[in-house]
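The values are calculated or read from the model by the stated rules, or taken from the named source; none is laboratory data. All values reported here derive from a predicted model rather than from experimental measurement. Here Cβ is always computed from backbone atoms with ideal geometry, including for glycine, and neighbour counts include all displayed protein chains. Calculation scope for accessible area: heavy atoms of the full protein, side chains included, ligands and nucleic acids excluded. Shrake-Rupley method; radii C 1.70, N 1.55, O 1.52, S 1.80 Å.
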Amino acid sequence: GISQKVTFGEAVEIAEWVSARTGVRAEFILAVLTQESNLGKNVGTCNRAGDPPSKSWKAVMKPERDQVPFVAVTKELGLDTDTTPVSCPMRDANGERIGWGGAMGPAQFIPSTWVLYESRIAAVAGSNPPNPWEPRDAFIAAGILLKDNGAAAGTWGAERLAALRYLAGWKNATKSAYAFYGDEVMALAEKYQRQIDILQRN
């Protein structure tokens, strides 16, 4: 498919490159992208070739917000709109659908957010158009959004809040239902800090 897997070493190199341009810690960028897509290994299980209509982009994306941008992004990149993988909607413990899916690539940007950031991503990446499924572009997108969310302050609290805003938006970031996400991202960031320290000593 279109998912481009990267090794941990490659991911560290990209994250450090993005960090130098955004002021957001590389370890934190890696943590968010691990939480979102396992560094690009899991970019979505909806809208793939052979999926049923219930998993089509037309069924899983919010119509008035993301469908038109998704068509524009895929067409601009020469991708098949009907077989380019996106995220499925989340489900609760009872299997009931929660909200909308349609997030794209390693950074899991919804199409409407991607097009808002597209020119800024292109300016840093040098790619025109940038591609949400290309790891380097996705890392840049995440770094820019996390900076906008306050992560460049570099404190534990600022990073955790930036992660929650990444998941749920500014309005819903402090809801207790999303606390797990912030905690898991910060635990991953600490783990990556230890691993990068080891790599840099060797």
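Brief remarks follow.
- Put a dot 7 Å past the Cα of Glu64, heading toward its Cβ, do the same for Glu13, and the two dots end up 4.6 nm apart.
- Dmax and Rg, reported as Rg then Dmax, of the range 15-95 (C-alpha, Å): 15.5, 43
- Label point at Ala93 placed 7 Å out along Cα→Cβ; residues across the range 170-190 whose backbone nitrogen lies under 18 Å: 176-181
- Given charges at Cβ of Lys, Arg, Asp, Glu: the chain dipole, positive-most of Leu167, Ile121, Val86: Leu167
- Ratio Rg/Rh, restricted to the range 65-145 and using Cα atoms, in which Rh is the Kirkwood radius: 1.01
- Within the accessible area of the chain, the carbon and sulfur atoms contribute 52%, probe 1.4 Å, all protein chains present.
- Distance between the modelled labels on Ala177 and Ala49, one decimal in nanometres: 3.7 nm (7 Å Cα→Cβ projection).
- Listed peptides 46-57, 159-170 by packing density, highest first (mean Cβ within 10 Å): 159-170, 46-57
- Rounded tilt (10° steps) of 135-148 against the dominant C-alpha axis of the chain: 70 degrees
- Neighbourhood net charge (15 Å Cβ-Cβ; Lys/Arg +1, Asp/Glu -1) for Asp51: +1
- Unit Cα scatterers, Debye sum, the range 107-186: log10 I(q)/I(0) for q = 0.13, 0.22 Å⁻¹: -0.40, -0.98
- Per residue, the chain exposes 49 Å² of solvent-accessible protein surface, assessed with a 1.4 angstrom probe and all protein chains in place.
- Of the residues Ser37, Met61, Ala107, the one whose Cα sits farthest towards the positive end of the charge dipole of the range 1-116 is Met61 (charges of +1 on Lys and Arg Cβ, -1 on Asp and Glu Cβ, taken about the Cα centre).
- Relative to the longest principal axis of the Cα atoms of the chain, the long axis of helix 179-201 makes an angle of roughly 50 degrees.
- Taking the chain and dividing mean pair separation by its residue count, relative contact order in percent (alpha carbons under 8 Å, at least six apart): 23 percent
- Using θ = phi - 60° and Karplus 6.51 cos²θ - 1.76 cosθ + 1.60, couplings along the range 74-84 (whole Hz; Gly, Pro as x): 5, 5, 4, 8, x, 9, 7, 4, 8, 9, 8
- Each Lys and Arg contributes +1 and each Asp and Glu -1, all at the Cβ; summed about the Cα centre of the chain, the dipole is approximately 260 debye.
- Using the Cβ of Thr83 as centre and a radius below 14 Å, the other residues enclosed give a net charge of +1, where K and R count +1 and D and E count -1.
- Relative to the longest principal axis of the Cα atoms of the chain, helix 156-172 runs at roughly 10 degrees.
- Pairwise Cα distances in the chain exceed 32 Å in 13 percent of cases.
- Ala151 sits among other residues whose Cβ lies under 14 Å from its own Cβ, and their net charge, with Lys and Arg +1 and Asp and Glu -1, is +2.
- Measuring between their Cα centroids, the range 35-61 and the range 74-151 lie 12 Å from each other.
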